[in-house]
Amino acid sequence: MKKKINRQLLMISFVAVIVTLILVVGVFYRLFQRQVIADLKTYAHVLADIENQQEGRQLIYNSSVEEVRITMISPDGKVVYDSDVAAEEMDNHAKRPEVMEAFLKGEGQSIRQSSTMKMNTYYYTILLQDGNVLRVAREAHSIWSILYSALPVIAVSLFGLAVICVVLSHFITKSLVKPIEEMAADMDHISEVNVYDELVPFAETIQKQHDAILKNANMRQEFTANVSHELKTPLAAISGYSELIENGMASGEDVVRFASGIHQSANRLLVLINDIIRLSELDVMDQKVPFETISLYDIARDTVDMLQIRAENRSVILTMEGNPCNILGDRQMIEELIYNLCDNAICYNNLGGSVHVIADIIDGNPTLEIKDTGIGIPEKHQERIFERFYRVDKSRSKSTGGTGLGLAIVKHIVAVHNAKIDLKSEVGKGTDITITFQMPSA
């Protein structure tokens, strides 16, 4: 990037120098032309005054001193006098533009280039009292001749300016890139770098992305550690039970008990692995999941019916109310979301407690609300319960068979559906989780 900025600054500098040079030469050459014409005008008026006072006598003027050529032209265009060439050898000047302008307006002027483009001839004419036209002329260098003669000076100047531009471009580029380099060198303290006002939003965005990457890396590291720990417990149980049976240290009822322990640990492993796989799928899933119009009410009702036996086994009353309401989403994900929330509400409830599910249009949006009269969640834990493997009561979680990933899956599904989740809970009174979806467009 630094080289690219440096090259662009140098190119801009060189273009600016060349354009400035052309403009300056053009302006000064224009001023030079005006000065030559002004001088010729002065000469013409002086000579016209002298001629008008001669009263018919022939004007004799030594033009070599001023390098000015004087020509007298009669009303019919015939050259009467010329200071450089014999009058009889010259063509009729009636059609010359400066002569025509003098006969028409009293004064005239023109500039004609020579064929070599090295010299220009400047003409100025004035109409005398006797009807003749007095013309004064002078040769001067053309703009190309001036540029050619000034070429060494121009070359030296351009070289000097080029060196200055290179040095300035280097320092300007360095000063422009310095804040960005400082940000890149210390991403952890990017907000402390003194940057331009225009870079503040960019720096803030980079800081947020950096923090998010670090947070994600820490979460993945923690997730890996938690997975290892969660897998270790049932695997250790399976290994221990099987070793006892293998060594003949169990017989009769002990074999049945150990086999039951192996079976329970294997089931826990399967549930845990399935949840991990599901969470990994949601992590890599494209946010643009193909959605369809589905009935939130029907899916919630079917899930409640499916969990009735589980609720009865735990002495929990599971009920539902609401009205037909549709959302735009993925059916499998919504089924999984409602199942996880209802299952959590049942598992972390009290004997004789209740879970109430509502699926309805609330404040203009399809809403799913799950209320329970369970143990509740302490306020200090409420912000973290959607983290992977986070458990408020680890002993109870394991006794209920929970993996600590259900609410993490819920959080992902809510994010994929661009919905909003709200949690209210009080220890000993229960938990109320509300998920608000967007109304599907017509």
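The values are calculated or read from the model by the stated rules, or taken from the named source; none is laboratory data. Keep in mind the model is a prediction, meaning the values are calculated, not measured. Here the Cβ is made from the backbone with ideal geometry for all residues, glycine too, and neighbour counts use every protein chain on show. Just so you know, the surface numbers come from the protein's heavy atoms only, side chains and all, with ligands and any DNA or RNA stripped out. Shrake-Rupley method; radii C 1.70, N 1.55, O 1.52, S 1.80 Å.
Tell me, which residue of segment 83-128 that is small (Gly, Ala, Ser) and part of a loop (DSSP other than H, G, I, E, B) is most open to solvent (accessible area, probe 1.4 Å)? If you could, list the steps in order and put the result at the bottom.
First pass over segment 83-128, keeping only residues small (Gly, Ala, Ser): 83, 86-87, 94, 102, 106, 108, 110, 114-115.
Subset that is part of a loop (DSSP other than H, G, I, E, B): 83, 86, 94, 106, 114-115.
Details: Ser83: 33, Ala86: 37, Ala94: 36, Gly106: 21, Ser114: 40, Ser115: 118 Å².
By that ranking, first place goes to Ser115.
Which members of segment 6-36 meet the condition of being of a type in the set (Ser, Thr, Tyr) and either free of Cβ contacts under 8 Å to residues at least 60 places away in the same chain or over 18 Å from Lys174 (Cβ atoms) (or both)? Break it down stepwise before answering.
Of all residues in segment 6-36, those of a type in the set (Ser, Thr, Tyr) come to 13, 20, 29.
Answer for segment 6-36, where residues must be of a type in the set (Ser, Thr, Tyr) and either free of Cβ contacts under 8 Å to residues at least 60 places away in the same chain or over 18 Å from Lys174 (Cβ atoms) (or both): Thr20, Tyr29.
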Can you tell me how many residues within segment 1-26 are among the aliphatic types (A, V, I, L, M) and within 16 Å of Ile154 (Cα to Cα)?
10
Residue pairs meeting the criteria (Cβ under 6 Å; at least 6 apart or on separate chains; first among the hydroxyl-bearing types (Ser, Thr, Tyr), in segment 253-273; second surrounded by 13 or more Cβ atoms within 10 Å (Cβ to Cβ) and assigned to a helix (DSSP H, G or I))
Ser265/Pro234; Ser265/Ala237; Ser265/Ile238
Are any residues in segment 229-253 surrounded by 12 or more Cβ atoms within 10 Å (Cβ to Cβ), at pLDDT below 80 and not in a loop (DSSP other than H, G, I, E, B), and if so, which ones?
Glu230, Leu231, Thr233, Pro234
Taking segment 270-304, which residues are at pLDDT below 70, farther than 12 Å from Met333 by Cα and charged (D, E, K, R)?
Asp275, Asp283, Asp286, Lys288
Boolean, Ser110 is at pLDDT below 90, polar (S, T, N, Q) and over 24 Å from Gln53 (Cβ atoms)
no
The lone condition Gln382 fails out of (1) surrounded by 14 or more Cβ atoms within 10 Å (Cβ to Cβ); (2) at pLDDT 90 or above; (3) more than 24 Å from Glu335 (Cβ to Cβ) is (2)
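For segment 307-318, how many residues are touching a residue at least 12 places away in the same chain (Cβ under 8 Å) and either in contact with a Ser or Thr (Cβ under 6 Å, 6 or more places away or on another chain) or open to solvent by 100 Å² or more (accessible area, probe 1.4 Å) (or both)?
Here is the first cut: in segment 307-318, the residues touching a residue at least 12 places away in the same chain (Cβ under 8 Å) are 307, 310-311, 314-318.
From what's left, either in contact with a Ser or Thr (Cβ under 6 Å, 6 or more places away or on another chain) or open to solvent by 100 Å² or more (accessible area, probe 1.4 Å) (or both): 317.
Residues that pass the stated criteria total 1.
Results for (1) touching a Phe, Trp or Tyr at 6+ places or on another chain (Cβ under 7 Å); (2) at pLDDT 75 or above, shown as yes or no for each residue.
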{"residue": "Pro152", "(1), (2)": "no, yes"}
{"residue": "Val156", "(1), (2)": "no, yes"}
{"residue": "Pro179", "(1), (2)": "yes, no"}
{"residue": "Asp211", "(1), (2)": "no, yes"}
{"residue": "Asn216", "(1), (2)": "no, no"}
{"residue": "Thr224", "(1), (2)": "no, no"}
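Do we find that Val80 is of a type outside the set (Phe, Trp, Tyr), modelled with pLDDT of 85 or more, open to solvent by 50 Å² or more (accessible area, probe 1.4 Å) and touching a helix residue (DSSP H, G or I) at 6+ places or on another chain (Cβ under 7 Å) in this structure?
On the way: of a type outside the set (Phe, Trp, Tyr): yes; modelled with pLDDT of 85 or more: yes; open to solvent by 50 Å² or more (accessible area, probe 1.4 Å): yes; touching a helix residue (DSSP H, G or I) at 6+ places or on another chain (Cβ under 7 Å): yes.
Yes, satisfied.
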Taking segment 327-338 only, how many residues are part of a strand (DSSP E or B) and crowded, with 17+ Cβ neighbours inside 10 Å?
2
